[in-house]
Amino acid sequence: MKKIYWFLQQLEYFGGTETATISLCNELIKYYDITLIVTARKIINPPYKIDKNIKIIYLNNEKISRVDEKIVKFCKDFHYFKAFLLSINSTIFSIFSKYKYRRYIKNITTNDDILITSSLDNYLIIPRCRKYLYHYHFNSKFYFSFNERFMSLFYHKPYKYIFLNKTIYNDITSKIKRIKNKSIYIENIIKLEPTYNINYYNNNLIFIGRYADQKDPLFLIKSLYELKKLNVNFKMNFYGEGKLLSKMMELINELNLNEEIAINGESNDIKSILSDKDLLLLTSDYEGMPLVINEANSQSVPVFSTYFGDSTIDAILDNTGVIIYNKDPKEYALKLKELLLNKDKLMEYRKNSYLNSLKYSKETIVNKRLELLKNF
């Protein structure tokens with residue numbers, strides 16, 4: 001059986017990249033021998049349902065895991081020196097320390113194996129003599145950021161580029177024409193069985209994701225405060241974990257939103273927590289193709305979101321949800337009120353969200369992956 005080595009940043013927290021990857025690996029294990037290689041520390045009981053036949057190797061390299069997110073967090077908290085030191089450590093790893101891990105990867109793999117990478121720390125440790133698939137989980141704006149382009153100088157060029165949708169693919173390959181012939185796009189799999197549900201749950205709202213700066217849950221809480229001032233009754237449940245948890249709790253207390261907002265930990269049962277929700281609310285600064293949108297749509301839950309990059313329009317079609325282009329709490333709240341008061345429109349979005357999600361079915365996406373992998 002041919003071997004796949006799939007590289008991930010971490011298995012400690014819920015993340016879109018990790019969830020999408022593991023869902024796919026759980027299907028591909030029927031056809032391939034799969035090993036996950038994780039940059040970060042070893043976790044005894046990861047919060048993911050991973051097929052027992054999938055092997056896991058931990059590199060225990062915390063310093064290089066999720067560096068971009070940590071730097072943003074330090075800067076927002078005005079810890080500029082910590083951000084500077086982390087940037088220096090990342091640069092040293094990119095130039096020198098990576099070779100230790102490249103040697104290790106070379107020793108445990110062969111020329112016949114398929115290597116698939118999912119993040120910057122993964123790209124850096126692939127040895128020269130191995131072909132690998134570059135799986136990019138963000139949008140083109142992030143791809144062309146200074147950090148991404150600078151760091152690309154320090155890793156080997158992949159055998160194939162895989163982007164998450166047609167818009168991201170077109171935006172990137174139109175500007176970097178030399179990679180077009182070895183680039184494709186394949187959407188993420190939806191692991192949930194679809195459910196058609198056209199009911200109304202009295203403005204029961206939900207957020208699912210990391211409590212991190214990228215997801216900006218603090219902005220959402222401020223927006224919900226503005227929604228309350230507009231005399232809209234609602235219930236809001238947050239599901240996730242992250243460094244902003246204490247700040248979220250403080251802000252909820254400060255704005256007197258304890259009756260309206262409940263903070264929950266991460267959940268393995270996404271289908272259940274979506275079953276009685278009217279809308280998924282998102283406020284991310286940037287994303288690729290958020291898996292949580294497709295998961296919500298598969299349960300007939302439409303999405304109300306800020307604009308998070310070029311893939312927003314692919315992720316949230318005109319008839320499946322609402323995109324807010326100006327990131328202002330008052331505007332977010334006002335548009336949200338308009339939708340919640342228009343029950344006919346909300347029911348239309350529920351129906352269309354479900355129908356749109358069917359194109360991301362397990363069978364469709366797995367077949368696309370198998371077609372790609374058979375050429376290796």
*Mind listing the long-range amide H neighbours of Glu287? Cut-off is under 5 Å, sequence gap 5 or more, other chains count too, H placed in the peptide plane at 1.01 Å from N.*
Asn139
*Would you mind counting up the charge near Leu227? Only other residues with Cβ under 12 Å from its Cβ, with Lys and Arg at +1 and Asp and Glu at -1.*
+3
_Cα gyration tensor shape of region 193-237, rounded if a/c is under 1.5, else prolate or oblate by comparing a/b with b/c_ = oblate
*asked:* Explain nothing, just compute: Karplus ³J(HN,Hα) = 6.51 cos²θ - 1.76 cosθ + 1.60, θ = phi - 60°, for every residue of region 129-145 in order, whole Hz, x for Gly and Pro.
replied: 7, 10, 7, 8, 9, 8, 9, 9, 9, 10, 8, 5, 4, 5, 4, 8, 5
*Could you name the aspartates and glutamates whose alpha carbon sits less than 15 Å from that of Lys49, not counting residues in the same chain fewer than 8 places away?*
Glu12, Glu18, Glu27, Glu266, Asp269
_222 nm mean residue ellipticity, helices alone, for the chain (DSSP H n ≥ 4; -39,500 (n - 2.57); rounded to 500)_ = -11500 deg cm²/dmol
*asked:* Could you sort the peptides 143-154, 113-124, 333-344 by per-residue average Cβ neighbour count (10 Å cutoff), highest mean leading?
replied: 113-124, 333-344, 143-154
*Based on the alpha-carbon gyration tensor of region 158-270 and its eigenvalue square roots a ≥ b ≥ c, which shape applies: rounded if a/c is under 1.5, prolate if not and a/b is larger than b/c, or oblate?*
prolate
*GluC sites (Glu not before Pro) within region 251-283: which are DSSP loop residues with at most 12 other Cβ atoms inside 10 Å?*
Glu259
*What relative contact order, as a whole-number percentage, does the chain give when Cα pairs under 8 Å and 6 or more residues apart are counted?*
16
*In Å², what does the accessible area per residue of the chain work out to with a 1.4 Å probe?*
45
*Which residues' amide hydrogens lie under 5 Å from the amide hydrogen of Lys160, considering only partners 5 or more residues apart or on another chain, with H built in the peptide plane?*
Tyr132, Tyr134
*Would you mind putting 217-230, 48-61 in packing order, based on average other-beta-carbon counts within 10 Å, highest first?*
217-230, 48-61
*asked:* When a/c reaches 1.5 or more, the comparison of a/b and b/c decides; with that in mind, is the chain rounded, prolate or oblate per its Cα gyration tensor?
replied: prolate
*Between Lys229 and Arg149, 0.36 nm times their residue separation minus their Cα-Cα distance comes to what?*
24.4 nm
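The values are calculated or read from the model by the stated rules, or taken from the named source; none is laboratory data. These figures come from a predicted structure and were not determined experimentally. Note: ideal-geometry Cβ built from the backbone for every residue, glycine included; neighbour counts use all protein chains shown. These accessible areas exclude ligands, DNA and RNA; they are computed on the full protein's heavy atoms, side chains included. Shrake-Rupley method; radii C 1.70, N 1.55, O 1.52, S 1.80 Å.
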